[in-house]
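Here, each number is a calculation from the coordinates, and none is a lab measurement. Everything numeric here is computed off the predicted structure, so don't read it as measured data. Cβ atoms come from the backbone with ideal geometry, glycine included; neighbour counts cover every protein chain shown.
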Amino acid sequence: MAFTENIGAATLDGLAYVGGLARLGFSAAQAVVKDVVERRTLAYGRAIHQAMAVGIGSLPILSLITFFIGTILALQSAYELRKFGALQYVADAVAISVSRELGPLITAILVIGRSGSSFAAELGTMKVNEEIDALETMALDPVRFLVAPKMLAMLLMMPCLTIWADFMGFVGGSVFGVAAAGFTFTTYMRATLDALVMRDIITGLIKSVMFGLVITTVGCQEGLRTGLGAEEVGRSTTAAVVKSIFLVIMVDLVFTAMFYFGIG
Amino acid sequence: MADELNLADAHGSAQAPAVSIRNLHVAYGEREILHGVSFDVLAGETVVILGGSGSGKSTLLRTLVGLERPTSGDVIIRGKNLCALSEAEWRDLREHIGISFQSGALFGSMSVGENVALPLLEHTKLDPATIEIMVRLKLNEVGLSGYEDYMPAQLSGGMKKRAAVARAMAMDPEILFFDEPSAGLDPIIAAGIDQLLLKLKEAFGITIIVVTHELASAFLIADRMVLLDKGHIVAVGTTAELQASTHPRVRQFLDRVAEPEISQEIDYLQMLTGEVPRPRQ
């Protein structure tokens, strides 16, 4: 009985948490729209600053990781393909896996580690230092002031980073293609482009936008829920990373299933 | 409380209070922190809320500025009951009050000047050049001229508090709230903050409400004092009236007498009413 009660309670907690994320995301979106309507520029300035941190700051490490992932994928695909004498399809395998799945997912996981955790730590520290209280007492909405710019930056940068991650994955795959599968760099990239249809790229980009939403709302919600003391900031940061990874995988599953059964 | 030393009425005048607190109860979950607190703050006076750790003074301040919601009772500021305000009315009210937090609560990602300019940018239609002048004026008022471009992390504790006061003063508030203005500062810097509060009061006639447990600072800046203990008001009066009080809890606090061992609630109540057990001498 206690076991089923625990499952029920955990389910309710989980739903309440996701509800909280939805409410925070909606409030942030509302704040962005309000800023556009009232032609206020404060949020944009902060959004550009955040976009630089989220996007430009991630580029070197993202490039390196997705390059290696592309090479690894090519090696793993080639292991099976060569059994069928189909090594020339290695570019197709890498192209589809990277653009539909690994490009957005690796980008999301990297952004969780860099930006999701930093959102939670930043807002958590502000909470501990009474800065969130100070905003409220100055009649400034913390969601508009702190969450909305982060969301705007993330929604802008996630698709850009994903496109870049896809490209670096293809380049990584080409290393194997050129070294062991008889391609030149140009023929490998041409094979990659031939293997892709616009739908592959679009599904990856739609996922990346959804991942951006999850990372921002979880990071900010955990930060804003930080209790008292520096220890709590650490707890919020860890929770933001763990919950973001879990929810990103869940969202990935849902969207992949939707694309498979529905849109293709 | 039967034995409560309440001299607020004797001190009262025909003037409408700037802040009126009536039978205020505040709880965190099941635990009640404030048990029916009532007192008035007249316009232009400085009231210091004194109390030891856990007395509920910070909760009272947070309730007065709308960061905590009372479970019952009324807080009336500028003629408006905080418990019945719409969001728009809250926004309007908050533009007329300033708060200086214990930690300063300056935004670490902004310079001192940007911190002070923020409320002006958000709540006024002043052009950037005017805001810049106002920021300089506010920083000058608190003795921080030339520190506009410094980041909060580059300031000392006392300077942070001064910058926080400048930000709290940015919108020319009618009421200023201070949470532990001297906490964590050495005696000389703390004395400087006290002088700053006195200067602000004299220059602008602002109503000031200060929460502190620093007796020397309290007696220097207060027109009246409120002594809180375990969520109850023990005494309200002028500095002289509190000094002259014979109430055991007031004496214990003012004479800095250590707390006796109290194991039963009834012992505590007995002590509040002046009966045994007495504090250790």
Query raised in the report: Between residue A:3 and residue A:246, what FRET efficiency comes out of the Förster formula 1/(1 + (r/R0)^6) with R0 = 22 Å and r the beta carbon distance, rounded to 0.05?
Result: 0.55
Requested in this report: Working from Cα positions, state the angle (0 to 90°, nearest 10) between the long axis of helix A:198-224 and the longest principal axis of chain A.
Outcome: 30 degrees
**Report entry** Approximate spin-label separation residue A:76-residue B:256, in nm, with each point projected 7 Å along Cα-to-Cβ
**Finding:** 6.8 nm
**Report entry** Approximate spin-label separation residue B:198-residue A:257, in nm, with each point projected 7 Å along Cα-to-Cβ
**Finding:** 7.2 nm
Query raised in the report: For chain B, what is the percent of antiparallel DSSP beta bridges, rounded to the nearest 5?
Result: 50 percent
Query raised in the report: Here are some pairs, B:201/B:230; A:150/A:207; B:57/B:199; B:80/B:160; which of them have Cα atoms lying more than 28 Å apart in this structure?
Result: B:201/B:230; B:80/B:160
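Could you tell me which of rounded, prolate or oblate describes the stretch A:1-75, using a ≥ b ≥ c as the square roots of the eigenvalues of the alpha-carbon gyration tensor, with rounded for a/c under 1.5 and, failing that, prolate when a/b is larger than b/c and oblate otherwise?
Oblate shape, in that a/c is at least 1.5 and b/c is the bigger or equal ratio.
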Requested in this report: Please find the FRET efficiency linking residue B:74 to residue A:26, where r is the Cβ-Cβ separation and R0 is fixed at 51 Å, and quote it to the nearest 0.05.
Outcome: 0.95
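What does the structure give for A:137-145 when I average, per residue, the other chain Cβ atoms found within 10 Å of the residue Cβ?
Counting Cβ atoms of other protein chains within 10 Å of each residue's Cβ and averaging gives 6.
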Report task. Any chance you could give the angle, 0 to 90 degrees and rounded to 10, that helix A:230-258 forms with the longest Cα principal axis of chain A? Result -> 50 degrees
Query raised in the report: In degrees between 0 and 90, to the nearest 10, how far off the longest principal axis of chain B does helix B:128-141 point, with axes built from Cα atoms?
Result: 40 degrees
Requested in this report: Return the average number of partner chain Cβ atoms within 10 angstrom of each residue Cβ along peptide B:90-98.
Outcome: 2
Query raised in the report: What residue among B:235, B:244, B:191 shows peak mean-square fluctuation when chain B is described by a Gaussian network model with Cα springs under 10 Å?
Result: B:244
Report summary line: Per GNM of chain A with C-alpha springs under 10 angstrom, the most fluctuating residue out of A:178, A:94, A:32 is A:178
Requested in this report: Between residue A:238 and residue A:13, take the C-beta separation as r, use R0 = 25 Å, and let me know the FRET efficiency to the nearest 0.05.
Outcome: 0.90
